[in-house]
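Just below is one structure, and these are the notes that go with it.
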Amino acid sequence: MTSSITFTKEAFLDQVGHFNWAQVSLEHVKEEAKLKGGRGVKVAVVDSGIDIYHEDLMDAVRGGVNFTTEHRSDYTDRFGHGTFCAGIIAASDNGMGVTGIAPNVELYAVKVVNDMGLGTPDWATCGVEWCIDHKMDIVSLSFEDQLPYKPLELAIHRAIASGVILVAAAGNLGDSDPTTVELSYPAAYPEVVSVTAHDKMLQHADFASTNPEVDISAPGINIVSCFPGDMYSAQSGTSMAVPYVVGIIALMKSERPDLSPKDIEHILEQTSVDKGLPGRDPTYGWGILAPESVFALLDSI
């Protein structure tokens with residue numbers, strides 16, 4: 001996360017028109033996919049927990065775990081990051097606040113970032129292993145570390161072998177020079193879908209890391225979502241782009257439960273809108289995520 005503005009529900013309507021531009025590209029997603037809304041798909045938000053009492057999330061959260069303390073059942077978010085990411089994916093279509101991309105998913109809070117916003121590679125590894133054991137379909141990983149960690153890498157290998165789809169933030173280490181290689185893990189592991197961020201004009205976010213492992217670009221600047229205490233927030237970062245991709249994949253899996261991680265990557269690659277250098281590049285990866293093209297291709301295969 002690189003920036004944040006938090007506001008009350010009362011101030012929400014004044015802000016959403018300006019900030020919630022990211023939902024515009026969902027208007028042309030076919031109605032069947034939107035009606036299913038990710039139904040039957042299990043999504044884990046491996047992050048700082050989720051505010052399970054938030055009016056937009058209380059119906060979506062089905063369970064979770066906390067690896068940051070000995071109190072495993074306390075996966076409440078007191079930092080805000082996990083709640084924000086969860087809202088982009090699955091905020092209820094209840095006429096209040098925001099609506100998530102896939103509001104009918106089964107959402108799980110896997111807390112590996114503590115109440116001060118700190119985490120360890122061991123906690124992250126435990127989180128991914130929990131997702132394997134509890135048969136998650138998709139895992140949202142909006143955190144980053146500049147160093148690889150072998151146990152986490154091995155857990156990622158096991159997750160992919162089990163059919164789990166992993167989506168992670170490319171990182172916020174960008175220096176505006178596309179030739180600089182800035183690796184962040186777990187996104188830099190080849191098996192993980194690495195997501196970078198762009199703005200409303202489809203321009204690459206200056207703060208976003210560039211490297212050969214970047215796969216796809218999604219909205220990540222001035223995005224509105226949930227915040228603990230029935231609040232809302234506008235935030236920017238590659239962390240915000242990850243749940244956008246997770247939500248689209250959840251809609252895909254609801255339509256086609258048989259899709260494997262490789263199938264998902266292939267579809268995202270084939271349907272993205274090329275941007276930057278021709279072909280895959282370290283700035284945009286395959287290009288800009290194009291939800292309407294994703295579902296057009298799904299209908300043809």
Inset, instruction - Treating cross-link reach as a plain straight distance, find the lysines whose alpha-carbon is under 21 Å from the alpha-carbon of Lys150, omitting any fewer than eight places away in the same chain. - result: Lys111
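Rounded to the nearest 5, what is the percent of antiparallel bridges among the DSSP beta bridges in the chain?
Working: 15 of 42 bridges.
DSSP beta bridges in the chain are roughly 35 percent antiparallel.
To check you understand DSSP bridge types, tell me what percent of the beta bridges within region 30-135 (both residues inside) are antiparallel, rounded to 5. Please list the in-between numbers first.
Values: 1 of 12 bridges.
Just about 10 percent of them are antiparallel.
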Legend entry - Cut-off under 5 Å, modelled amide H: who pairs with Gly63 long-range: Ala109
Legend entry - Taking only Cα atoms of the chain, radius of gyration then Dmax in Å: 17.1, 50
Inset, instruction - Collect residues whose amide H, placed 1.01 Å from N in the peptide plane, falls under 5 Å from the amide H of Glu144; neighbours closer than 5 in sequence don't count. - result: none
Legend entry - Cα-based reach from Lys42 at 12 Å (exclusive), listing aspartates and glutamates while leaving out same-chain residues under 8 positions away: Glu106, Asp137
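FYI, it's all coordinate maths here, none of it is from the lab. It should be emphasised that the depicted structure is a prediction, and the values quoted were computed from it without experimental measurement.
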